[in-house]
Amino acid sequence: MVPQINFPKHNLSISRLVYGIWRLHEDKHGFGEDRIYEKINLCLELGIDTFDHADIYGDFENEERFGKVLKKHPDLKNKIKIITKCGIQVPGAKYPTKHYNTSKEHIRYSVERSLRKLQVDSLDVVLIHRPDPLMDPTEMAEVFDSLVLEGKVKHFGVSNFTPTQFQMVQSKCKRPLFTNQVEFHLFYTEPMFDGTFDQMIESGIHPMVWSPTAGGKVFSPQTETEIKTSNKIQEIAKRLGASIDQIVYSWFLNHPAGLVPILGTNDLERIKSAAACFSYPLTRVDWFAILEVARGKEVA
Ligand SMILES: NC(=O)c1ccc[n+]([C@@H]2O[C@H](COP(=O)([O-])OP(=O)(O)OC[C@H]3O[C@@H](n4cnc5c(N)ncnc54)[C@H](OP(=O)(O)O)[C@@H]3O)[C@@H](O)[C@H]2O)c1
């Protein structure tokens, strides 16, 4: 059973593995209501009660697809926690240029649209998807505060922010930001070395990590480094009687910041397998052995 991880400053706990909705529409078994319901139910059975959305996922349609299932099965609403994101504007009929919008009008518009599409009264967490070079943290803090007071959002956070960007926004907010959701996997370990995770520990909150399997690269290695990494993981998995994915997910659990990986697989068996990663804790030596091959160098 996947445990919960507590965010003490927010009086909220989420599942230690979160299920990501980015690739929902890529599911080879389709993305009709029954299939989405099957996945939500499986996650809940395994203890995964937190779902990571964004307004833009599935060409702005995945929130709505998920919301239709919640409308049909309203009992699910009290069992799950919903995280969503806003701020990216994709080019299309409305805008010729991809851009970010973190104005108070857009954040409010996007939150209210997500509430409608997801068919819920309140969102547990809303993240600003990308750092906007034009963001005004005072204006952002103002709209965060109003939306919390109106009961539309419980907590705000950020995604893909540098430590200084995080600090800048936090300095203007009345309430603690919930998280910084960042890319982190064996082939991109920068957040451990650039202050991102240090800041989360200092702030008493947990980072969420996206693309934990490097978009599946860990399972279909191409480069020499990827092949060596995959071989090392296989060797450890064999010794521990685990599968490769279980070792990949277990690797995140050693970090003291309390990393929360977001699962991207659409495969039911792979979701089940991931949920069992807690049974295979890694020793410090195995953890460093994986880091060493993935970075292509031993620590100094
Ligand atoms: N904040 C941000 O900017 C941001 C950016 C990207 C993603 N995210 C979030 O992070 C979530 C996860 O990201 P992700 O989808 O890139 O995760 P990921 O696990 O790194 O990649 C998922 C891909 O890997 C494959 N895969 C996963 N487990 C596998 C296994 N055991 N064997 C073989 N292939 C496997 C999946 O294929 P199958 O489906 O066939 O298993 C899928 O194509 C997203 O859903 C989204 O919620 C956030």
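The values are calculated or read from the model by the stated rules, or taken from the named source; none is laboratory data. Not measured: the values here are computed from a predicted model. With ideal geometry, Cβ positions are generated from the backbone for all residues, glycine too; neighbour counts draw on all protein chains shown. For accessibility, only protein heavy atoms count, side chains too; no ligands or nucleic acids. Shrake-Rupley method; radii C 1.70, N 1.55, O 1.52, S 1.80 Å.
The stretch between Asp145 and Glu235, if pulled fully straight at 0.36 nm per residue, gains 27.4 nm over its current Cα-Cα span. Distance between the C-alpha centres of the stretch 227-249 and the stretch 110-144: 39 Å, rounded to the whole angstrom.
Out of all DSSP beta bridges in the stretch 4-178, what portion is antiparallel? Express it as a percent rounded to 5.
30 percent
With a 1.4 Å probe and every protein chain kept in, tell me what percent of the accessible surface of the chain is carbon plus sulfur. Walk me through the numbers on the way to the answer.
Working: 7010 of 13630 Å².
Roughly 51 percent of what the probe reaches on the chain is carbon or sulfur.
Shape of the stretch 4-178 from the C-alpha gyration tensor: oblate (a/c of 1.5 or more and a/b not above b/c, with a ≥ b ≥ c the square roots of its eigenvalues). The label-point distance for Lys71 and Leu42, in a model that sets each label 7 Å from Cα toward Cβ, rounds to 2.6 nm.
Note the full-extension length gain between His29 and Phe193 as 0.36 nm times their separation in residues minus their Cα-Cα distance, in nm to one decimal.
Numbers: separation 164, 0.36 × 164 = 59.04 nm, distance 3.93 nm.
Computed gain between His29 and Phe193 is 55.1 nm.
Only helices enter this figure: runs of n ≥ 4 DSSP H residues, each worth -39500 (n - 2.57), summed and divided by the residues of the chain, yield -12500 deg cm²/dmol at 222 nm to the nearest 500. Dividing the mean sequence gap of close Cα pairs (under 8 Å, 6+ apart) by how many residues the stretch 69-198 holds gives a relative contact order of 21 percent. With the Kirkwood sum run over all distinct C-alpha pairs, the chain has a hydrodynamic radius of 19.9 Å. For the cross-link pairs Lys81/Lys104; Lys28/Lys85; Lys217/Lys272; Lys9/Lys81; Lys217/Lys297; Lys79/Lys172, which exceed 27 Å when the distance is taken from alpha carbon to alpha carbon? Beyond 27 Å: Lys79/Lys172. Using a Gaussian network model of the chain whose springs link C-alpha atoms within less than 10 Å, name the residue from Glu112, Glu64, Glu45 with the highest mean-square fluctuation. Of Glu112, Glu64, Glu45, the most mobile in the Gaussian network model is Glu45.
A 1.4 Å probe run over the stretch 4-178, with the rest of the protein chains in place, finds 45 Å² accessible per residue. What does the charge count around Glu235 come to, taking other residues whose C-beta lies under 11 Å from its C-beta (Lys +1, Arg +1, Asp -1, Glu -1)? Counting the neighbours of Glu235, the net charge comes to +3.
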